[in-house]
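Just below is one structure, and these are the notes that go with it.
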Amino acid sequence: MDTGQRIAHALKYEGWWRVADGAAARIARLQWPSDVVEERAFLVPVPLAASRQRQRGYNQSECLARALAPRWKVPVRVDLLVRSRSTETQTRLTPDERVRNVHGAFAVAPAAGPQLRGAHVMLVDDVVTTAATLNACAAVLHEAGARIISYVTFGRAPAIGDRI
């Protein structure tokens, strides 16, 4: 495991939520097109299932978003996107199984529509593998009126079938 993988693993599975600040500092150094910087309305972390959040004590994606917010001067909105059902962990699933696993697992909060209409949303997750989770979130945000959804992650994990 390289350093980035160890940091992502510690953040997600070992209770090291404070590493989110250093990870966000790295993310904040990335160059974005000027229109993205000017348009981004808010950071929306991928929500966890309530049982998983109780187990961990925090949402690692929310930790990253909260650490990014002051660096980018963009508010975090945890009230727009909700997890509508629990899913099994994606770690051992194939790409097709991941898509099926998260299908219908996210919804937009009923009062969120007017705030999303025409907005550029920065969707935040800790790690992307196949983007099934991010794509499922983006689909409901777009359906609710978000004009643009950009993805922000700390890491990228190899997917089953990736060539080394």
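Things worth noting here:
- If both residues of a DSSP beta bridge must be in the chain, then about 20% of such bridges are antiparallel.
- Fluctuation leader among 67, 112, 138 - the chain, Gaussian network, Cα springs under 10 angstrom: 112
- Ordering 41, 68, 113 by Cα displacement along the dipole of the chain toward the positive end leaves 68 in first place; charges were set at the Cβ atoms of Lys, Arg (+1) and Asp, Glu (-1).
- Among 69-80, 120-131, 86-97, the order from most to least packed when residues are scored by Cβ within 10 Å on average: 120-131, 69-80, 86-97
- Burial order of peptide ranges 27-33, 53-59, 144-150 (average beta-carbon count within 10 Å, highest first): 144-150, 53-59, 27-33
- Here is the tail figure for the chain: Cα pairs spaced more than 29 Å apart come to 14 percent of all pairs.
- Evaluated with a Cβ-only charge set (Lys, Arg +1; Asp, Glu -1), the chain carries a dipole of roughly 300 debye about its Cα centre, given to the nearest 20.
Each value in this text was obtained by applying a stated rule to the coordinates, not by laboratory testing. Here the structure is a predicted model, which means the values were calculated and not measured. We place every Cβ from the backbone using ideal geometry, glycine too, and count neighbours over all the protein chains shown.
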